[in-house]
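The values are calculated or read from the model by the stated rules, or taken from the named source; none is laboratory data. Worth saying up front: this structure is predicted, and the values here are computed from it rather than measured. Cβ: placed from backbone, ideal geometry, glycine included. Neighbour counts: every protein chain shown.
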Amino acid sequence: MADDHVLVVGAGHAAGQLAASLRQGGHAGAVTLVGEEPIAPYQRPPLSKKYLAGELDAARLLLKPESFYAEANVNLRLGRRVQTVDVATKSVALDDGSRAEWDKLVFATGSRVRTLGVPGESLPGVHYLRTAADVDAIRGEFATSKRLVIVGGGYIGLEVAAVAVAHDIDVHLVEAQSRLLSRVVSPDISDFYHRAHSEAGVHIHLDCSVSGFEGAERVSAALLDDGGRLEADLVIIGIGVLPNVELARDAGLDCDNGILVDGYCKTSHNDIYAIGDCCNHPNPVLGRRLRLESVPNALEQAKAVAATLNGTPTEYAQVPWFWSDQYDLKLQIVGLTDGYDQTVVRGDLHSRQFACFYLKQGRLIAVDAVNSPREFLFSKPAVAAGARIPADVLSDPGQSLKDAAQTWPA
């Protein structure tokens, strides 16, 4: 209903977009965002890049100027935690002792860092990177740190490494798997990024894990499970995240690797929705359920739910896509590589501009585009269509993908 009170648990990307889209779509009822951080909804991707590098100030992180929420009559309750959700009375209890009622509830609780769980990780100088406050603490130590150990060879770890070496910090990166970005890209792309970081001066340690940290007043070394020891005066850990589902689960909602929702992001309760990192949704494009840690996913789900709450039921059906900036390399990813049986490279893997196409039984399922915006834009509709495009067309930069797009067989 147009006058429903929509209460959003969370105040990140998804929540901020939902509030904006509700008002843009004409929602006249109350909108309340409850967030644990003392800051209005902001962008997380710059945290490990430009914000960490000091090239972006806090005000420019915000999704919308703070004045937007007052002008749009959106109630921000920041620095507050929802402790319980009562579905029977349609209310929530906050950590300041207050209660808030709702007509429609949206979980946008996001995710939290996966912790290492080893001795010494509470030492000063050991950091996880998830929030603006985390980066503020890290930036305060960048100027004086000379030896950085990064735990984790995923996007966060590699983006931090690129920033750190530019600050003349000696960087050692430790990855438990046999290659970088092993969950998301092919061995060829892993090798490319390994070379790029090694050439920039990053020392990469594969097939080993950090078993603990040592230090007196602050961290002085990372201890490896193979007996190695890496001296450090700063440590940043990025080994993945976990969805925040506890509130939803305790309220009786169905959860399984996220809060389970239908195609309209509705949970097992008719008046409760979930969006962003915390939700596990059916993807009709891919034909299966998944939980995505992706800003585009969070934003598009928020827009779909806003449209539904504004009276236009809208199914969420998008091809997943992601991006990562490291040095002068912009990696843009379309689709998911799970189950690929063939890769085709367009361009030169030893250059800094190419695309890698992933095929499964001849159909295009994913693309990694490095400094290749045309291939990235082409890939969105092509992956959505499950296009069959001959490998010789995909691999030849002299052949037009646009022309191929007009003729591919479904």
Among residues of the stretch 211-239, those that are under 30 Å from R291 (Cα atoms) and either modelled with pLDDT under 95 or of a type in the set (K, R) (or both), counted: 0
Residues (out of contact with any Asp or Glu (no Cβ under 7 Å at 6 or more places or on another chain), in contact (Cβ under 8 Å) with a residue 12 or more places away in the chain and either assigned to a loop (DSSP other than H, G, I, E, B) or farther than 19 Å from A302 by Cα (or both)) located in the stretch 41-59: P41, Q43, R44, P46, L47, Y51, L52, A53, G54, A58
Qualifying residue in the stretch 287-297 (condition: touching a Ser or Thr at 6+ places or on another chain (Cβ under 7 Å) and among the aliphatic types (A, V, I, L, M)): no
Residues satisfying the stated conditions in the stretch 1-37, i.e. touching a Lys or Arg at 6+ places or on another chain (Cβ under 9 Å) and closer than 15 Å to R81 by Cα: L7, A11, G12, T32, L33, V34, G35, E36
Where P65 falls short, out of the listed (1) in contact (Cβ under 8 Å) with a residue 24 or more places away in the chain; (2) closer than 21 Å to Q17 by Cα: (1)
The stretch 242-255, subset assigned to a helix (DSSP H, G or I) and among the aliphatic types (A, V, I, L, M), residue nearest to H269 (Cα to Cα): A248
Any hit, the stretch 329-336, residues being assigned to a helix (DSSP H, G or I), under 28 Å from Q43 (Cβ atoms) and under 18 Å from the mean Cα position of the chain (by Cα): no
Checklist (1) under 25 Å from D368 (Cβ atoms); (2) in the same structural domain as T89 (by TED's automatic domain parsing); (3) not aliphatic (A, V, I, L, M) applied to F322, failing item: (2)
Every pair of residues 6+ apart whose Cβ atoms lie under 7 Å, when the first sits in the stretch 229-242 and is free of Cβ contacts under 8 Å to residues at least 12 places away in the same chain while the second is acidic (D, E) and not in a strand (DSSP E or B): none
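Go through the stretch 135-152 and give me each residue that's surrounded by fewer than 21 Cβ atoms within 10 Å (Cβ to Cβ) and not β-branched (V, I, T).
Of everything in the stretch 135-152, those that are surrounded by fewer than 21 Cβ atoms within 10 Å (Cβ to Cβ) and not β-branched (V, I, T) turn out to be D136, A137, R139, G140, E141, F142, A143, S145, K146, R147.
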Some residue of the stretch 256-278 being in a strand (DSSP E or B), in contact with a Lys or Arg (Cβ under 7 Å, 6 or more places away or on another chain), assigned by TED's automatic domain parsing to the domain that holds F107 and farther than 19 Å from V92 by Cβ: no
Only one of L105, L148 that is in a strand (DSSP E or B), farther than 14 Å from S48 by Cβ and modelled with pLDDT of 95 or more: L105
Selection status of L247, hydrophobic (A, V, I, L, M, F, W, C), under 30 Å from A196 (Cβ atoms) and modelled with pLDDT of 95 or more: no
Number of the exception - A137 against (1) more than 20 Å from H167 (Cα to Cα); (2) without any contact (Cβ under 8 Å) to a residue 40 or more places away in the chain; (3) not in a strand (DSSP E or B): (1)
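Return the total of residues in the stretch 353-362 being surrounded by fewer than 24 Cβ atoms within 10 Å (Cβ to Cβ) and within 15 Å of S395 (Cα to Cα).
At the first step, the residues of the stretch 353-362 found to be surrounded by fewer than 24 Cβ atoms within 10 Å (Cβ to Cβ) are 353-354, 359-362.
So of that shortlist, the ones also within 15 Å of S395 (Cα to Cα) come out as 353-354, 359, 362.
Count: 4.
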Residues of the stretch 104-134 classified as surrounded by fewer than 24 Cβ atoms within 10 Å (Cβ to Cβ) and within 21 Å of the chain's Cα centre (by Cα), total: 14
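Regarding the stretch 378-395, can at least one residue be identified that is crowded, with 19+ Cβ neighbours inside 10 Å, not in a helix (DSSP H, G or I) and not polar (S, T, N, Q)? Break it down into steps so the answer makes sense when it comes.
At the first step, the residues of the stretch 378-395 found to be crowded, with 19+ Cβ neighbours inside 10 Å are 378-379, 382-383, 387, 389, 394.
Next, only the ones that are not in a helix (DSSP H, G or I) stay: 387, 389.
Those still in the list that are not polar (S, T, N, Q) too: 387, 389.
Yes, because at least one residue in the stretch 378-395 is crowded, with 19+ Cβ neighbours inside 10 Å, not in a helix (DSSP H, G or I) and not polar (S, T, N, Q).
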Verdict on D207 being assigned to a helix (DSSP H, G or I), modelled with pLDDT of 95 or more and either hydroxyl-bearing (S, T, Y) or assigned by TED's automatic domain parsing to the domain that holds V149 (or both): no
